[in-house]
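Comments concern the structure below.
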């Protein structure tokens, strides 16, 4: 029962027991109910003051059993508090508070406030009055608490000045809040120790050792230093610098803040040859916002082969020496210097081969240049030797100097003919006659390869060693020339030439003489009639190339140029690469029969053994090949052309002929001359022997091979063709 209400009816003779009660408003029927007969109000369920501390509603009283008049009254129900709620820390779901305190903070430094709440009524006794205490503290090495708490406010303080973030960077403290009724709740405080810059940066090494080649590229890494800092964040940001040992600013250092490194790099080139640049002792500094540390970097520079040996001087002009100096004669001494050290500074001397192609000089390890072979001023009168000094570095470097050696003349050469004279004296010429040495002069000129002091004037005379010399007379003109006169007429059919020994003496000291033989040829004149005779001609059948019998008549003409020239070229695989003399074909052909007498030289054909034979204008060829008849132009069409033009025309015809034979292996070109019925003959072959190829298959190759098929259809075709050629040749001879 919460309370009772009562109402009276003031009417006379009213029945007071007929008054009925009812509730209306908040909580009526749910939280509260009333007995309609006596007005007692009941609580339907337990009331929670922390949910609702007061209820207000109306009570109605109606007479005549609820059918008459109604009166009302206001009812206010206040819920009294009881200690039914424990204190609660309002924080994150993990029931933990977060606070920060700098390391090394003094005692009683406020860290954070642990605030709890109690839902009970703070005005109703001590149900909502809270007190705080630490139920799980942190202790130091001597078991002293590190933190304390204000029991009324829940503020946590430091107890000792011993918080070091670098030792422990956070602590967990459990705090209890208890109300006056004895109910309690706990919360966890996470105390984070924030960093204070209380540690200097420290290098990982006291001394750093490094080496580098002197030819290291600019900006290359030389050495890396590293440091550590016990602090964190901005307090651990370090900067590296070089503060000593680099007066010439050869190096600089980069700061790698992420990895806390300092990278020493090369700023300027190092020269090992300077003594003060062989070792560097750099003082490197690292600093943060408040502290710094020092270290030392000892850098050893290694020599690189960056200096070429240099000669002092670079040009030597040795004194003149006679060409007959003995081997081993000293020419000069050269000296070179290499500024490098060790193997890079050691070098050897040599002579450039192109400056001494005959290896007439050498240079030893001390730089002495000496004569290694006999000298000849007449070959080389001045030697420009390039002396090389090559060091032993990798790669090796080479310096050079020039040694100029002038060779003086020694009278070591006798006089000699200026040219290979072969004078001609025509037979049956009336004596005396002056002999022409060549087409333009009658003088025999004498020269001496020595200098003028050992040369002219010469003494020239005939040596009377044989009786034939008496047929000639030599006149010394005392100016380096002489004139020879034939004292009688000669007959070439008796003796074709005469050998005249001629003695020549120069004017050197002592004089040197020499004897040369002058060959005097007796020229032929047509002073004898014809006589019966014959000639033989041999044809070589190389590797069976001529496979069918054919007879080719060679007409007898005086112009021996107008004969068959048969050249067989097998290609690069043949051991004999000089099967014929092609120069004979480069001479122009005669333009007509009437001019044939001017062609007096017979073509030469080389045998397979390399010998040469004249081709005579008559004779027969047997066991030859069946050559295709290919007459493209008359004789006058090619008589005025040289062989190059002729071959070019044949090539053009072959390139433009759709029936040309394919797969050429060797070519045979024959020029028969102006009297031949065939302007030219040619054959192409693709096999070494008849067995190597089945000629019957040519008929199945199509129309383009019809001409080739006709050529090899059978030996019966060759006879009528060659008979025709033979009959035509006989008619021409008649």
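Report the FRET efficiency, 1/(1 + (r/R0)^6), for residue 354 and residue 104, where r is their Cβ-Cβ distance and R0 is 60 Å, rounded to 0.05.
E(calc), rounded to 0.05, equals 0.10.
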**Prompt:** Under the classification rounded if a/c is under 1.5, otherwise prolate if a/b is larger than b/c and oblate if not, where does region 3-78 fall, given a ≥ b ≥ c as square roots of the Cα gyration tensor eigenvalues?
**Reply:** prolate
**Item:** Fully extended contour minus Cα-Cα distance, from residue 497 to residue 117, at 0.36 nm per residue
**Value:** 121.7 nm
**Prompt:** Taking the Cα atoms of region 182-272, what is the range of coordinates along each of the three principal axes, in descending order and whole Å?
**Reply:** 88, 20, 19
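Give, in nm to one decimal, the length gained when the segment between residue 268 and residue 248 is fully stretched (0.36 nm per residue of separation minus the Cα-Cα distance).
Separation in residues times 0.36 nm, less the Cα-Cα distance, equals 6.3 nm.
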**Prompt:** Can you give the relative contact order of region 310-408 as a percent, counting alpha carbon pairs under 8 Å and 6+ residues apart?
**Reply:** 39 percent
**Prompt:** Going 7 Å from the Cα of residue 290 in the Cα-to-Cβ direction, what parts of region 177-207 have a backbone nitrogen less than 11 Å from that spot?
**Reply:** 195-200
**Item:** Overall form of region 416-523 per C-alpha gyration tensor (a/c, 1.5; a/b vs b/c)
**Value:** prolate
**Fill in**
Pseudo-spin-label distance residue 133 to residue 161, built 7 Å along Cα→Cβ, given in nm, is 3.0 nm
**Item:** Distance between region 129-156 and region 209-265 - C-alpha centres, whole angstrom
**Value:** 49 Å
**Asked** At what distance in angstrom do the alpha carbon centres of region 1-62 and region 318-389 lie from each other?
**Response** 142 Å
**Complete:** Here, residue 48 and residue 277, labelled 7 Å along Cα→Cβ, have an inter-label distance in nm of 9.0 nm
**Message:** On a full-extension model of 0.36 nm per residue, what is the gain between residue 488 and residue 215, subtracting their alpha-carbon distance, rounded to one decimal in nm?
**Reply:** 89.4 nm
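Could the peptides 105-111, 307-313 be put in order, highest first, of the mean number of other beta-carbon atoms found within 10 Å of their residues?
Descending mean neighbour count gives 307-313, 105-111.
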**Asked** From a point 7 Å beyond the Cα of residue 378 in the direction of its Cβ, which residues of region 436-451 have a backbone N at a distance under 16 Å?
**Response** 446-451
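Read-outs throughout are calculated quantities, based only on the coordinates presented, and are distinct from any laboratory measurement. These figures come from a predicted structure and were not determined experimentally. Note that we place each Cβ from the backbone using ideal geometry, even for glycine, and neighbour counts take in every protein chain shown.
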